[in-house]
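Asks: A single structure is presented below for examination.
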Amino acid sequence: MNAEPDLARLAATVGDPRRIQMLVLLMEGRALTAKEMALGAGITPATATAHLKRLLDDGLLAGTSQGRHKYFRLASEQVAQLVESLMRVAPPRQRVAAAAPASNEPIRHARYCYDHLAGSLGTGLLSTLLHKGWLVNDTTDAAAKQLAITPKGTKAFTALGIDLASTRARRRQLACRCLDWSERRDHLGGALGAALAEQLQAARWIERKKHSRVVCITELGQAQFKQLGLSLPG
């Protein structure tokens, strides 16, 4: 008989301020070394090692050795969804009086949510794709989270340079709604969301800030997104 999930253990693991910060660092979608994780979490390498072991033991991280270094990444898309879900329900951090309004933060305009686009850019993209009829709600999904690519969408995504055959072959859901923690609206997740983000970066419509989840829209991207009918984030 299968044992029930140990929710208390998981809650204790992600409830530690340093460990949850490590998970948030990996929401950039890049693999990081233990040293990089320690610097990002503001702790010593020795302390980071203990936290990383806990995260590995609980199946939240995966580690890969390459040369002298060991790299860590989120163990699965489900872990990324867990972190994003926590961001949606967590109360805002206390801010000093002189801080800029939260709505002006670049991370709210355009960022990566693990491997797909989020923020007002991500939600605007999904809204545009639905309006154009490239995507529709999957009528077989009672939860109304899954999306289906229409014949019109197949032609359009292919024209954008997305290989839909390889995208469908990825071992994950194809296209789904992912509730955005800052916008409180859905952005596009799943294999298609990841493929679209990859292609937009390869085509230089967007650029990723170094060591950050924040995304900048290039001049080329500004023009191309407007042609799509997308209202760009301010």
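Taken together, the values in this text are just the output of simple stated rules run on the coordinates, not laboratory data. Just so we're clear, the structure is a prediction, and the values are computed from it rather than from any experiment. All Cβ positions, glycine included, derive from the backbone under ideal geometry; neighbour counts span all protein chains shown.
Asks: Which is farthest toward the positive dipole end of region 106-228 among SER212, LEU188, LEU228, measuring Cα position about the Cα centre, with Cβ charges +1 (Lys, Arg) and -1 (Asp, Glu)?
Replies: SER212
Asks: Using Cα atoms only, what is the angle between the long axis of helix 77-89 and the major principal axis of the chain, expressed in degrees (0 to 90) to the nearest 10?
Replies: Roughly 90 degrees between the two axes.
Asks: Okay, next question. Can you compute the helix-only [θ] at 222 nm over the chain? Use -39500 (n - 2.57) per DSSP H run of at least 4 residues, normalise by all residues, nearest 500 deg cm²/dmol.
Replies: On the way: 11 runs with 107 residues, N = 234.
Computed ellipticity for the chain at 222 nm equals -13500 deg cm²/dmol.
Asks: Against the longest principal axis of the chain, how steep is helix 119-131, in degrees 0 to 90 to the nearest 10, with axes from Cα atoms?
Replies: 40
Asks: Continuing with this model, one more query. Looking at the square roots a ≥ b ≥ c of the eigenvalues of the Cα gyration tensor of region 123-172, which shape do they give, rounded for a/c under 1.5, prolate if a/b is larger than b/c, or oblate?
Replies: Oblate shape, in that a/c is at least 1.5 and b/c is the bigger or equal ratio.
Asks: With a 10 Å Cβ neighbour count serving as the proxy for reagent exposure, in which order, fewest first, do LEU55, LEU7 appear?
Replies: Numbers: LEU55 26, LEU7 8.
With the sparsest Cβ surroundings first, the list reads LEU7, LEU55.
Asks: For the chain, count the residues as N, evaluate 2.2 N^0.38 Å, and divide the Cα radius of gyration by that value, please. Working shown, then result.
Replies: Numbers: Rg = 18.7 Å, N = 234, 2.2 N^0.38 = 17.5 Å.
Scaled against compact globular proteins, the figure is 1.07.
Asks: In addition: Under a Cβ-only charge scheme (Lys and Arg +1, Asp and Glu -1), can you give me the dipole magnitude of the chain about the Cα centre, in debye to the nearest 20? Please list the in-between numbers first.
Replies: On the way: 32 positive and 20 negative charges, 87 e Å.
It works out to roughly 420 debye.
Asks: Could you size up the charge dipole of region 106-228 around its Cα centre, putting +1 on the beta carbon of Lys and Arg and -1 on that of Asp and Glu, and report it in debye to the nearest 20? Please list the in-between numbers first.
Replies: Details: 19 positive and 10 negative charges, 32 e Å.
With Lys and Arg at +1 and Asp and Glu at -1, about 160 debye.
Asks: What pairs from LYS145/LYS210; LYS35/LYS210; LYS132/LYS155; LYS53/LYS145; LYS155/LYS210 go past 24 Å between their alpha carbons?
Replies: On the way: LYS145/LYS210 32 Å; LYS35/LYS210 17 Å; LYS132/LYS155 12 Å; LYS53/LYS145 34 Å; LYS155/LYS210 33 Å.
Result: LYS145/LYS210; LYS53/LYS145; LYS155/LYS210 exceed 24 Å.
Asks: Extending each Cα 7 Å along its Cβ direction at ALA46 and GLN222, get the distance between those two points in nm, one decimal.
Replies: 5.1
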